[in-house]
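Below: the structure, in structure tokens.
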Amino acid sequence: MWAELAPVGRHPATGGYRRHAWTGADADCRTWFQEQAEARGLRYETDRNGNQWAWLGDPLGSDAVVTGSHLDSVPDGGAFDGPLGVVSSFAALDELRHRGAELTRPLAIANFGDEEGARFGLACVGSRLTAGQLTREAAHRLRDGDGVSLPQAMENAGYDPDAIGPDPERLARIGAFVELHVEQGRALDLTGHPVGLASAIWPHGRWRYDFAGEGNHAGTTRLADRRDPMLPYAETVLAARREAELAGAVATFGKVAVEPNGVNAIPSLVRGWLDSRAADQSALDTVVAAVEAAAREAAARQGVDLTVVRESFTPVVEFGHALRDELAKILGPGLPVLGTGAGHDAGILSAAVPTAMLFVRNPTGVSHSPAWHVVVAGVPGRGVRDAGGVAHEQ
């Protein structure tokens, strides 16, 4: 399965993956998922929000066990973020069949669409729509960097954008959803355990900062006459790091757009996106408020206008103890229970169905990168990278 997925959406120069929602690479991943389902005799379907399902047993039955993750990626993402959860689900089913297990409940493997939000700026679109946490109207307003709307992108990919929306009937048939994921840090690896359980997902969000100044000539405009939006933006980046350290949180400006983006031009607009996460809501609120205050102060000093827009937000998600405890009994005593600052479809679905997450360890702590690899089967050193930076199992 890894060999078949490896070339899909992989950038030849970076070795990273660019499997963005409703693109050709995404379509190839979806085709791969359908082929895996059909090769195993599973009943394949795509729901109204573009999420893919592979069923063993009656899809209309009740108390189903569902597992899976996503196949899309961040820009230049690693091979395992999302796909590991999907590949492992198919592999687990193969193992159950090999053992001759007889299932008494429906089982489904799922691929949720647009989990990373790399194209339209909002994470977990497929699961948010299904759970009713994103309205059809709000989804239709989403645009990518080229101005293409989500409805246009879905229609171009052969899906009906007018059909999207909440799917409570489907969620009501799910008795448990378990998502396996590589831990996106080193906390689990440092414990020495190969597998851990998620306790909670930190509250997190994305904020867009628009610094509007005055475009001008970089060589002829006196420093005293400038309204350069790059200066308050730079101060805000530093403020985000400072405030995150003070609060024990994280804050990152990882995306920036500059207009007119010329070497010899003072920018007229600098637009940056803040990603901030914390272990609790109070700490997150403190960081976000302090960063905005610093940005406004810096903008005022430079005669620059500032607009701040919260583009997305997810409150803290506490996974239910019943399902987590059941998994802990199966996996044995002393299992680490970890919080995470990364968002997942499991966090979105947890409000509607019993949900849990399993982590496997990440020895480098690197994620969202082509350098990402994993320790498999609890054996250090079995995750290896090829020349392009993609990890494979030996």
Going through Glu245, Glu297 one at a time, which residue ends up being more than 30 Å from Thr340 (Cβ to Cβ), open to solvent by 60 Å² or more (accessible area, probe 1.4 Å) and in a helix (DSSP H, G or I)? Glu297
How many residues, within the range 82-116, are under 21 Å from Leu349 (Cβ atoms) and assigned to a helix (DSSP H, G or I)? 10
Output the residues belonging to the range 353-373 that are at pLDDT 80 or above and assigned to a loop (DSSP other than H, G, I, E, B). Val353, Pro354, Arg361, Asn362
For the subset of the range 249-289 comprising residues that are in a helix (DSSP H, G or I) and touching a residue at least 60 places away in the same chain (Cβ under 8 Å), which member is surrounded by the fewest Cβ atoms within 10 Å (Cβ to Cβ)? Gln281
Just to check your reading of the model, which residue among Ala92, Ala108 is of a type in the set (Gly, Ala, Ser), without any contact (Cβ under 8 Å) to a residue 40 or more places away in the chain and within 19 Å of Leu323 (Cβ to Cβ)? Ala92
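Yes or no, residue by residue, for (1) among the aliphatic types (A, V, I, L, M); (2) farther than 21 Å from Gly343 by Cβ:
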| site | (1), (2) |
| --- | --- |
| Phe120 | no, no |
| Ala123 | yes, no |
| Ala131 | yes, no |
| Thr135 | no, no |
| Met154 | yes, yes |
| Ala176 | yes, no |
| Val182 | yes, no |
| His193 | no, yes |
Restricting the range 329-349 to residues that are in contact (Cβ under 8 Å) with a residue 40 or more places away in the chain and open to solvent by 30 Å² or more (accessible area, probe 1.4 Å), the one farthest from the chain's Cα centre (by Cα) turns out to be Gly334
Out of all the residues in the range 300-314, which are open to solvent by 60 Å² or more (accessible area, probe 1.4 Å) and either of a type in the set (Phe, Trp, Tyr) or in contact with a strand residue (DSSP E or B) (Cβ under 7 Å, 6 or more places away or on another chain) (or both)? Asp305, Thr307, Arg310, Glu311
Qualifying residues in the range 171-224 (those that are among the aromatic types (Phe, Trp, Tyr) and at pLDDT 95 or above) - the one most open to solvent (accessible area, probe 1.4 Å): Trp207
Output for the range 26-61, where each listed residue is open to solvent by 20 Å² or more (accessible area, probe 1.4 Å) and within 19 Å of Asp114 (Cβ to Cβ): Ala27, Asp28, Thr31, Gln34, Glu45, Thr46, Arg48
Considering each of Ala153, Ala163, Ala118, Ala139 in turn, give the residue that is surrounded by 16 or more Cβ atoms within 10 Å (Cβ to Cβ), over 18 Å from the mean Cα position of the chain (by Cα) and among the hydrophobic types (A, V, I, L, M, F, W, C). Ala153
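The values are calculated or read from the model by the stated rules, or taken from the named source; none is laboratory data. Bear in mind that the values here come from a model prediction, so they are computed numbers and not experimental data. Backbone-built Cβ (ideal geometry, glycine too); neighbour counts: all protein chains shown. In case anyone asks, the SASA skips ligands and DNA or RNA and just uses the protein heavy atoms, side chains included. Shrake-Rupley method; radii C 1.70, N 1.55, O 1.52, S 1.80 Å.
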